[in-house]
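Worksheet for the structure shown next.
The values are calculated or read from the model by the stated rules, or taken from the named source; none is laboratory data. Just so you know, these numbers come straight off a predicted model, no measurement behind them. Glycine gets a Cβ as well: all are built from the backbone with ideal geometry, and neighbour counts include every protein chain shown. Calculation scope for accessible area: heavy atoms of the full protein, side chains included, ligands and nucleic acids excluded. Shrake-Rupley method; radii C 1.70, N 1.55, O 1.52, S 1.80 Å.
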Amino acid sequence: MKKIIYLFMLVSLYSCKDQKTKDIEKMQASVDKALKDAIFKQNLEADIKEFSVVKVDTLDENRLDSLRMFNNQKRIDYFIEESNRYIALMKNELSQMELQQSIGMTEGVNISKRDFEEHKNKATMLSDSVGYYQNINDSIEKRIQARKNPKTIYELKMFVKMILKKGKETENVLDTTYHHFDENINLIKD
């Protein structure tokens, strides 16, 4: 009887391990397809040297959404920094306009006005981007607060080493990427 139980346990362990391996292979195949589709869409050629699984972790929907919020906040911070840079350039152009106007340089005033408007448009676009990502983060925050039982998410960490080519330009890529899957091992688009 002990031998039968032991044999049953061995078969069960082997089956679990086998399913885990299948799931990882399915995850890797999904990421591989998504990577190749992205390369194709951007009209690139790729020489993939290495594309391997580093590890698989589990987290929940709230943790994944928190990571999304963190990444969005990095974008927001960048857009604010760039917007402030354009605002400083606008102030500089105003000073230039005042100076040029005081000495009668109408051509210089016109150039400074044009530059001022360009900087203003760029600052406005950056400000719009800040608002866009802030709205996304607000929606994510509400979603996190509304969840009672967040679902399990699988995070696949992969290492990629490749050479990308577009025309005569080449770029070496050496990176670690993270990909997320639902409980049915479907790739979640971030």
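Considering only residues that are within 9 Å of M90 (Cα to Cα) and loosely packed, with under 15 Cβ neighbours inside 10 Å, which ones fall in the stretch 102-117?
E117
Which of the following residues is open to solvent by 90 Å² or more (accessible area, probe 1.4 Å) and among the charged types (D, E, K, R): R143, R147?
The unique qualifying residue is R143.
Taking the stretch 36-52 on its own, how many of its residues are within 14 Å of K166 (Cα to Cα), charged (D, E, K, R) and exposed (fewer than 12 other Cβ atoms within 10 Å of the Cβ)?
Result for the stretch 36-52: 2.
Residues being without any contact (Cβ under 8 Å) to a residue 40 or more places away in the chain, open to solvent by less than 40 Å² (accessible area, probe 1.4 Å) and in a strand (DSSP E or B): count how many of those fall in the stretch 161-188.
Result for the stretch 161-188: 1.
Any residue at all in the stretch 69-84 that is of a type in the set (S, T, Y), touching a strand residue (DSSP E or B) at 6+ places or on another chain (Cβ under 9 Å), surrounded by 11 or more Cβ atoms within 10 Å (Cβ to Cβ) and over 30 Å from N110 (Cα atoms)?
There is no residue in the stretch 69-84 that is of a type in the set (S, T, Y), touching a strand residue (DSSP E or B) at 6+ places or on another chain (Cβ under 9 Å), surrounded by 11 or more Cβ atoms within 10 Å (Cβ to Cβ) and over 30 Å from N110 (Cα atoms).
So for the stretch 90-107 (the condition being modelled with pLDDT of 95 or more and among the polar types (S, T, N, Q)), does at least one residue qualify?
There is no residue in the stretch 90-107 that is modelled with pLDDT of 95 or more and among the polar types (S, T, N, Q).
Any chance you could count how many residues in the stretch 36-64 are among the acidic types (D, E), part of a helix (DSSP H, G or I) and over 13 Å from E155 (Cβ atoms)?
Final tally of qualifying residues: 1.
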